[in-house]
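Here the structure comes first, spelled out in structure tokens, and everything after it is commentary.
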């Protein structure tokens with residue numbers, strides 16, 4: 001199937017959009033040539049070329065504005081300046097998505113912005129340490145999991161960050177405090193999403209991921225004030241809440257900054273633990289819970305609607321569509337020992353391994369794109385914690401598209417159940 005096998009990585013979604021555009025143009029041209037005069041066909045082509053030129057100019061203008069924002073962002077000297085630039089950057093991305101509906105383009109631009117802001121946060125933290133007479137930061141590695149780890153960063157993604165250092169170091173704690181403060185100022189992460197610890201603590205955390213599912217988050221004092229030359233108290237490594245968060249932490253992990261060797265060691269530790277644990281009962285128990293997650297279509301094909309609250313009568317397509325899709329693909333890929341972290345790449349690898357047939361792989365890919373579009377539209381509307389849609393407002397085509405997406409998730413869950421739990 002060329003849509004999947006003839007492309008590389010994230011090009012899958014882009015190729016699909018291009019193919020759909022070419023097919024639509026081909027159909028229109030065939031209709032015009034069959035029933036129109038040469039003059040009418042010529043006028044149609046001229047109109048199409050003019051429209052295409054307008055779209056190309058729009059893309060060039062967007063690229064120029066993004067480049068200018070990135071130039072200014074690189075020279076910013078305070079978090080306050082970055083917040084204004086971030087707002088403008090997100091406005092441009094949102095406008096582009098509203099016009100193009102391209103999930104791939106939005107995730108790429110949002111990931112690019114995220115990494116630039118994070119790089120500036122690290123630079124600001126190092127500068128503040130020097131200004132306070134605390135010296136420079138010690139060797140460290142910064143990794144991330146979540147949407148950014150999968151290459152699926154959106155307008156308001158929340159990620160989990162992992163700061164590793166070699167051995168206990170007062171300077172590391174001082175640096176960490178400064179980084180955490182800047183990350184909060186930029187709206188990238190709160191204290192609860194920032195794990196930190198030594199290499200040995202990381203290995204302990206990674207090894208306990210499956211055996212201590214559900215561990216709560218202990219109260220931290222990461223942001224407590226510290227005088228410039230004070231030696232901070234020994235700080236314990238922070239734990240992540242929730243079994244699903246702990247699994248995601250290892251499976252969707254990528255390097256962001258710092259010492260490459262230290263990050264590579266952390267990734268190897270995570271990979272080794274996943275390989276050891278993914279055939280054992282604790283992982284299979286977690287996988288079964290993922291496979292059994294409810295979806296947006298309930299009994300008799302009825303929508304699973306919110307019963308109370310602000311979104312009463314609406315469907316949450318993130319909770320009951322996108323999340324089950326992403327998590328089911330993750331556990332199925334881990335079960336088969338596949339290394340990819342991105343959802344689209346997992347679909348490709350599962351297809352190549354034979355875990356998904358061509359028809360289901362295509363349906364799941366379309367479902368991912370449809371559900372991501374709904375999530376992003378919800379973020380543009382300012383919704384938090386879900387992608388809410390009122391089914392009464394669906395057109396016939398929209399309802400068919402969303403239903404097909406949710407049904408594809410259900411088919412994926414059934415395949416995962418058969419492969420991981422047993423025949424059913």
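The values are calculated or read from the model by the stated rules, or taken from the named source; none is laboratory data. Quantities reported herein were computed from a predicted structural model and do not represent experimental measurements. Neighbour counts run over all protein chains shown; Cβ positions are idealised from the backbone, glycine included.
So here's what we get for this one:
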item	result
Sole residue being farther than 18 Å from residue 147 by Cβ, modelled with pLDDT under 95 and not assigned by TED's automatic domain parsing to the domain that holds residue 147, chosen from 359, 407, 396, 384	396
Among the candidates 106, 122, residue that is in contact (Cβ under 8 Å) with a residue 12 or more places away in the chain, within 18 Å of residue 83 (Cα to Cα) and either in the same structural domain as residue 196 (by TED's automatic domain parsing) or in a loop (DSSP other than H, G, I, E, B) (or both)	122
Hits in the range 125-137 (condition: touching a helix residue (DSSP H, G or I) at 6+ places or on another chain (Cβ under 9 Å) and either more than 26 Å from residue 166 (Cα to Cα) or part of a loop (DSSP other than H, G, I, E, B) (or both))	132, 134, 135, 136, 137
Subset of the range 367-424 (residues that are within 17 Å of the chain's Cα centre (by Cα) and under 22 Å from residue 345 (Cα atoms))	367, 368, 369, 370, 371, 372, 373, 374, 375, 376
Odd one out for residue 116 among (1) assigned by TED's automatic domain parsing to the domain that holds residue 204; (2) more than 25 Å from the chain's Cα centre (by Cα); (3) assigned to a helix (DSSP H, G or I)	(2)
Residue check for residue 248: within 30 Å of residue 383 (Cβ to Cβ) and either assigned by TED's automatic domain parsing to the domain that holds residue 144 or in a helix (DSSP H, G or I) (or both)	yes
Odd one out for residue 311, checked against (1) without any contact (Cβ under 8 Å) to a residue 12 or more places away in the chain; (2) in contact with a strand residue (DSSP E or B) (Cβ under 9 Å, 6 or more places away or on another chain)	(1)
Some residue of the range 302-317 being in the same structural domain as residue 372 (by TED's automatic domain parsing), part of a helix (DSSP H, G or I) and farther than 25 Å from residue 422 by Cβ	no
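For (1) at pLDDT 55 or above; (2) surrounded by 16 or more Cβ atoms within 10 Å (Cβ to Cβ), each residue gets a yes or a no:
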residue: 174; (1), (2): yes, yes
residue: 190; (1), (2): yes, no
residue: 208; (1), (2): yes, no
residue: 214; (1), (2): no, no
residue: 242; (1), (2): yes, no
residue: 255; (1), (2): yes, yes
